Amino acid sequence: KVKVETDDNRYSDKFEVKVFEGGRLVAVGTSINGLPVEVSMPADAKLWSPDEPFLYQMEVSLFEGGKRVDCVRSYMAMRKYSMKRDKKGIVRLQLNNKDLFQFGPLDQGWWPDGLYTAPTDEALCYDIKKTKDLGFNMIRKHVKVEPARWYTYCDQMGVIVWQDMPNGDKTLEWQRKKYFDGTELARSPESEATYRKEWKEIIDYLYSYPCIGTWVPFKTSEIAEWTKQYDSTRLVNPASGGNHYTCGDMLDLHNYPGPEMYLYDAQRATVLGEYGGIGLVLKNHLWEPNRNWGYIQFNTSTEATAEYLKYAEMLKEMIKQGFSAAVYTQTTDVEVEVNGLMTYDRKVIKL
């Protein structure tokens with residue numbers, strides 16, 4: 001379904017959507033009365049995945065009195081995010097009805113020469129390309145929303161995105177190792193209204209990007225349910241790392257430095273939302289030479305890589321036991337954090 005938004009109520013006008021594979025027209029749909037355009041794709045439609053990120057080209061036209069008065073060109077992809085029990089009864093994440101272990105880095109999107117703004121388009125694209133080169137199939141975009149073209153690059157390169165909701169208020173009680181039984185911090189009415197407004201805006205902004213597979217709202221039952229109702233095509237990770245409730249699609253554990261499974265949910269997917277954080281200080285590539293940290297520190301790339309591989313072997317065993325995704329901290333060093341796969345200036349691949 002393609003919802004066409006115009007500058008006015010054009011109920012007498014016609015919308016037409018054409019879908020192309022290369023230069024070949026493979027599907028077309030029309031509508032009037034301001035209704036969404038329904039397009040029937042061929043039975044052998046090509047599916048989007050990290051291994052084969054196939055994108056169809058799309059052309060949306062507006063007709064007024066039989067004459068085309070406007071046209072927008074874009075792209076689309078055919079893909080499905082879901083969950084299913086495997087033969088052992090473990091709930092697994094699926095892409096296009098096939099089990100897929102989603103594995104990627106925590107990506108905060110910081111640059112020393114732009115902070116939250118990439119200095120160049122090449123820089124914006126670079127981190128995604130290196131993530132793919134390193135063998136990952138997913139990125140958890142951590143407490144940040146990127147410019148639109150970042151998600152387009154993920155669509156083009158074939159990277160699944162877990163999108164965090166960046167939100168703030170007073171620091172709340174944080175329980176990691178058990179289901180939450182404390183007293184939740186009540187936001188002010190103004191804070192709550194801002195959160196709900198901005199979370200809806202983020203989903204509306206990013207809804208059409210095929211790469212986004214999981215929303216991470218960092219709020220519990222009510223918001224998880226609202227998110228699922230508002231966008232039933234994606235999975236919902238209600239609270240990454242703590243304050244666990246039995247809601248949404250995932251139970252998300254954090255553990256540093258090595259992976260650990262201290263809780264398990266038989267009804268949802270159990271995932272390792274953060275682990276790793278292996279620190280390596282490289283002189284001449286530091287934001288602040290005398291103040292930096294990682295969850296565990298090493299002196300050489302060989303030592304840091306060996307530790308990464310040790311954790312990888314541990315994680316492989318935990319996949320058999322129930323983990324369906326994992327997020328390694330993190331893509332690059334960030335200011336005084338030196339636990340990146342790359343240095344902050346992107347000059348050195350550290351592992």
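The values are calculated or read from the model by the stated rules, or taken from the named source; none is laboratory data. Model, not experiment: these values are computed from the prediction. A quick note on method: Cβ atoms are made from the backbone with ideal geometry, for glycine too, and the neighbour counts reach across all protein chains shown. For the accessible areas, the whole protein counts, side chains as well, though only heavy atoms, and no ligand, DNA or RNA atoms are used. Shrake-Rupley method; radii C 1.70, N 1.55, O 1.52, S 1.80 Å.
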Residue within the range 124-140 that is closer than 25 Å to Ala325 by Cβ and among the acidic types (Asp, Glu) present: yes
Residue count, the range 265-288 (criterion: open to solvent by 40 Å² or more (accessible area, probe 1.4 Å), under 30 Å from Leu100 (Cβ atoms) and without any contact (Cβ under 8 Å) to a residue 60 or more places away in the chain): 0
Qualifying positions in the range 109-130 - open to solvent by 60 Å² or more (accessible area, probe 1.4 Å), touching a residue at least 12 places away in the same chain (Cβ under 8 Å) and either under 19 Å from Met318 (Cβ atoms) or part of a helix (DSSP H, G or I) (or both): Asp121, Tyr126, Lys129
Criterion violated by Asn33 - all others in (1) open to solvent by less than 30 Å² (accessible area, probe 1.4 Å); (2) of a type in the set (S, T, N, Q); (3) outside any strand (DSSP E or B) satisfied: (1)
Some residue of the range 80-97 being outside any loop (DSSP other than H, G, I, E, B), among the hydrophobic types (A, V, I, L, M, F, W, C) and without any contact (Cβ under 8 Å) to a residue 60 or more places away in the chain: no
Residue match in the range 223-232 (condition: farther than 18 Å from Lys144 by Cα and in contact (Cβ under 8 Å) with a residue 60 or more places away in the chain): no
Counted residues, the range 62-108 - those being small (Gly, Ala, Ser) and surrounded by 18 or more Cβ atoms within 10 Å (Cβ to Cβ): 2
Near pairs, Cβ below 9 angstrom, 6+ apart or cross-chain, from the range 289-312 (touching a residue at least 40 places away in the same chain (Cβ under 8 Å) and over 12 Å from Ile278 (Cβ atoms)) to any residue that is surrounded by 13 or more Cβ atoms within 10 Å (Cβ to Cβ) and aliphatic (A, V, I, L, M): Arg291/Val336; Asn292/Val281; Asn292/Leu286; Asn292/Val336; Asn292/Val338
Condition met for Tyr81 (closer than 22 Å to Leu286 by Cβ and aromatic (Phe, Trp, Tyr)): no
Subset of the range 133-147 (residues that are without any contact (Cβ under 8 Å) to a residue 40 or more places away in the chain and either open to solvent by 30 Å² or more (accessible area, probe 1.4 Å) or not in a loop (DSSP other than H, G, I, E, B) (or both)): Asp133, Gly135, Lys141, Val143, Pro147
Residue in the range 215-232 that is among the polar types (S, T, N, Q), assigned to a strand (DSSP E or B) and crowded, with 16+ Cβ neighbours inside 10 Å present: no
Qualifying residue in the range 52-73 (condition: farther than 28 Å from Gly34 by Cα, assigned to a loop (DSSP other than H, G, I, E, B) and without any contact (Cβ under 8 Å) to a residue 60 or more places away in the chain): yes
Residue selected from the range 7-45 under the condition of a type in the set (S, T, N, Q) and under 16 Å from Gly65 (Cα atoms), by the criterion modelled with the lowest pLDDT: Asn9
Candidate set from the range 159-193 (those that are of a type in the set (D, E, K, R), in a loop (DSSP other than H, G, I, E, B) and in contact with a strand residue (DSSP E or B) (Cβ under 8 Å, 6 or more places away or on another chain)); member that is most open to solvent (accessible area, probe 1.4 Å): Lys178
Subset of the range 295-348 that is of a type in the set (Asp, Glu) and assigned to a helix (DSSP H, G or I) - its residue that is most open to solvent (accessible area, probe 1.4 Å): Glu313
